[in-house]
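Working notes for the structure below.
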Amino acid sequence: MTIVTGVTARVPAKLNLQLAVGPPRADGYHDLVTVFHAVALFDEVTVEPAERDTVTVTGEGASTVPHDGDNLALRAVAALRKQVRGANRTTGVRVSIAKRIPVAAGLAGGSADAAAALVAANELWTAGLPPPRLAEVAATIGSDVAFALLGGTAVGRGRGERLTPALAPATRYHWVLAFAEGQLSTPKVYAALDRSRGFGGPGGPGGPRGSGGNDFPPGSGGSRGVAPPGPAQPALDAALMSALRSGDAARLGRALSNDLQPAALSLYPALRKTLAAGLELGALGALVAGSGPTCVFLAASAERALELAVSLSGAGVCRSVARVTGPAPGAAVVPAQG
Ligand code: C5P
């Protein structure tokens, strides 16, 4: 008999190729239509039996990850425990997170860690929850956790947790990520968008427009025109889906869009320079990742991505860069060595 001492799962970062945001709902969330795309930038999460639940974090941005009950991976383990019968799950777990996905960067790193913890604990406890049940637990932890389980490219609706895999040819896309100094708070970026649309915030509904107008470089993925109140229900962009079906990176680059981008730029104006630099250097498209502040560029090939990454890091418009491909698979157990 093999004694399992610990289980490690690997999980990707996500991009939003489209992020269409509706008005604020009564529960404070926003209805979305988004096209998620997982990229090959992975965190690893190991779950081992322990007397009580603890978490340690190493790697990129480790000191800014919560180590208490706010940690999404710990919350995921606690939520799964409630769903699992049997002796194994009564033990605590030690969760060890090795981070490569920057924290609060718009890449859903915390959600990714929660998804990896779910997959690893499901295995450690031999709980055998099937993917749809794991996805239900995931949705209680955060809006992006279910997608981190699924990976690939998928349309998200509701808060982002209702997923439909996108049917697309097996095209590999080459992305360059420009990481920024500092972080952006997702709730603050949503709040800035709401203010710019005249919802809530200073001035209340219908009050003065905030500073989150559509101030972004031409050709980058912000919404077009002066920010009006958002549509009652956001809609999937047919041009983006058609570009994905064609596998044509140039078309995809032109179709990237993010309703949160003007709000992220209003809170972090220096990102305009980063987006503009990437476009000048030949990116097929550029946008802010989710709520930012990471900037994302699509390149025509692996070689172009390398050139772009080198030039961007030389241009002094970001903290560091990474080249990643997508789509990448969702959270999965890493086979034990030996
Ligand atoms: O679901 P999650 O905890 O990842 O969301 C973080 C924050 O992002 C929420 O507290 C909310 O402010 C905002 N959000 C939103 N609408 C969504 C998803 C997230 O307003 N659909």
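The values are calculated or read from the model by the stated rules, or taken from the named source; none is laboratory data. Given the structure is predicted, the values throughout are model-derived calculations rather than measurements. With ideal geometry, Cβ positions are generated from the backbone for all residues, glycine too; neighbour counts draw on all protein chains shown.
Could you list, in sequence order, the residues of the range 13-56 that are outside any strand (DSSP E or B) and either buried (at least 23 other Cβ atoms within 10 Å of the Cβ) or within 16 Å of the ligand (Cβ to nearest atom) (or both)? If you could, list the steps in order and put the result at the bottom.
From the range 13-56, those outside any strand (DSSP E or B) are 25-29, 51-53; that's our starting set.
Across the range 13-56, the qualifying residues are 25, 26, 27, 28, 29.
Which one is nearest to the ligand (Cβ to nearest atom), of the residues in the range 69-118 that are assigned to a loop (DSSP other than H, G, I, E, B) and under 12 Å from the mean Cα position of the chain (by Cα)?
Within the range 69-118, the subset assigned to a loop (DSSP other than H, G, I, E, B) is 69-71, 84-87, 91, 100-108.
Within this subset, residues satisfying the condition of being under 12 Å from the mean Cα position of the chain (by Cα) are 101-108.
On the way: 101: 14, 102: 16, 103: 13, 104: 10, 105: 13, 106: 11, 107: 12, 108: 8 Å.
Taking the candidates together, the pick is 108.
Filtering the range 107-115 for residues that are within 30 Å of residue 295 (Cβ to Cβ), out of contact with any Ser or Thr (no Cβ under 6 Å at 6 or more places or on another chain) and surrounded by fewer than 22 Cβ atoms within 10 Å (Cβ to Cβ) leaves an empty set. Counting only residues that are more than 14 Å from the chain's Cα centre (by Cα) and within 10 Å of the ligand (Cβ to nearest atom), which one in the range 144-186 is surrounded by the most Cβ atoms within 10 Å (Cβ to Cβ)? Per the criteria, the residue is 157. The set of residues in the range 286-338 being in contact with a Gly (Cβ under 6 Å, 6 or more places away or on another chain) and on the phi > 0 side of the Ramachandran plot consists of 290, 292.
Looking at residue 112, is it touching a residue at least 60 places away in the same chain (Cβ under 8 Å), of a type outside the set (D, E, K, R) and over 15 Å from residue 162 (Cα atoms)? The answer is yes for residue 112. Scanning the range 255-293 for residues that are closer than 18 Å to residue 181 by Cβ, away from the ligand (no atom under 16 Å from the Cβ), assigned to a loop (DSSP other than H, G, I, E, B) and in contact with a strand residue (DSSP E or B) (Cβ under 9 Å, 6 or more places away or on another chain) yields a count of 1. Among the residues making up the range 143-197, those that are on the phi > 0 side of the Ramachandran plot and at pLDDT 95 or above are 151, 152, 158, 160.
For residue 315, the stated conditions do not hold, so it cannot be described as over 21 Å from residue 35 (Cβ atoms), surrounded by fewer than 24 Cβ atoms within 10 Å (Cβ to Cβ), among the hydrophobic types (A, V, I, L, M, F, W, C) and touching a Pro at 6+ places or on another chain (Cβ under 8 Å).
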